[in-house]
1. If I ask for residues that are under 16 Å from LEU89 (Cα atoms) and among the hydroxyl-bearing types (Ser, Thr, Tyr), which ones from the range 149-180 would you list?
2. So for the range 127-141 (the condition being free of Cβ contacts under 8 Å to residues at least 60 places away in the same chain and exposed (fewer than 15 other Cβ atoms within 10 Å of the Cβ)), does at least one residue qualify?
3. Search the range 32-60 for residues that are on the phi > 0 side of the Ramachandran plot and pair each with any residue that is buried (at least 19 other Cβ atoms within 10 Å of the Cβ) when their beta-carbon atoms are under 8 Å apart and the residues are at least 6 apart or on different chains.
4. Take PRO43 and decide whether it is surrounded by fewer than 15 Cβ atoms within 10 Å (Cβ to Cβ) and assigned to a loop (DSSP other than H, G, I, E, B).
5. I'd like to check something: does the range 64-83 contain any residue that is surrounded by fewer than 21 Cβ atoms within 10 Å (Cβ to Cβ), closer than 14 Å to ALA158 by Cα, touching a helix residue (DSSP H, G or I) at 6+ places or on another chain (Cβ under 8 Å) and not hydroxyl-bearing (Ser, Thr, Tyr)?
6. Where in the range 46-137 are there helices (runs of 4 or more DSSP H), lying wholly inside it, with at least 1 residues that are closer than 28 Å to THR148 by Cβ?
7. Taking ALA82 and the conditions (1) in contact with a Leu (Cβ under 6 Å, 6 or more places away or on another chain); (2) closer than 30 Å to ALA142 by Cα; (3) among the small types (Gly, Ala, Ser), which numbered condition does it fall short on, given that it satisfies the others?
Amino acid sequence: MLKIVKDSRESAVIEAAFRTFLGYGYKRTTMDDIARAAGMSRPALYLVYKNKQDIFRACMLAMTDALRDNLSDVVKTPGTIAQRVRAVLQEGIVVPHREIGMTPHAAEMFALKSEIAPDLFKDWMGAIEAAIARALCDAADAGEINVTLSGMSAADVAAIIVDATEGIKLRMESIDELPGRLDALVQLIVAPLSKAGAADIGSR
């Protein structure tokens, strides 16, 4: 999940810290724990990051950078626009939720998005939104869909999909519900923009 291209010392700290946060929980993790996991002394760790919160934010930044790289490939994959939008949501939302949700301190880790890094979580969702908008624009340019049929721009449609996704996450009782609900969301919003959907709406 975490692919980092940075200074090797920073990469070692970030990757070790992320594993430690998931294993011990953020609150129980100490700078000593992270230093040991990264194979360095505590004083050496402080030369790289000033505190635990700084390290957590660095983890989020690295993960978001990796996500943007992954999504740039996802939107270019073959398939229908609905399939590409589903793939973006899968990569950006379903996969991280599954991986973190399976750990002992998942609830605490998810809560940190608003406690420590609300701005970085916004960037994460913004990366997903931008990828969906890019996929919609590409599909419109290829004649696969007619975005103007919705009376909105591709960016507006992408924003609605991401906003609706957040609502779905709040209401679901299990991560197992998420893929199916996101598939239904994409079908509801994207399918009517396709040529077939446009023809159907125009005939009513």
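The values are calculated or read from the model by the stated rules, or taken from the named source; none is laboratory data. Since we're looking at a predicted model, the values are computed, not measured. Because the Cβ atoms are built from the backbone with ideal geometry, glycine has one as well, and the counts that use them run over all protein chains shown.
1. THR165
2. For the range 127-141, residues free of Cβ contacts under 8 Å to residues at least 60 places away in the same chain and exposed (fewer than 15 other Cβ atoms within 10 Å of the Cβ): present.
3. GLY39/ALA16
4. No.
5. yes
6. 52-74, 81-89
7. Failed condition: (1).
Residues checked against (1) within 12 Å of the chain's Cα centre (by Cα); (2) under 24 Å from GLY180 (Cβ atoms); (3) at pLDDT below 95; (4) of a type in the set (Asp, Glu):
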| residue | (1), (2), (3), (4) |
| --- | --- |
| VAL85 | no, yes, no, no |
| GLN90 | yes, yes, no, no |
| THR103 | no, yes, yes, no |
| ALA106 | no, yes, yes, no |
| SER114 | no, no, yes, no |
| TRP124 | yes, yes, no, no |
| ARG134 | no, no, no, no |
| CYS137 | no, no, no, no |
| GLY143 | no, no, yes, no |
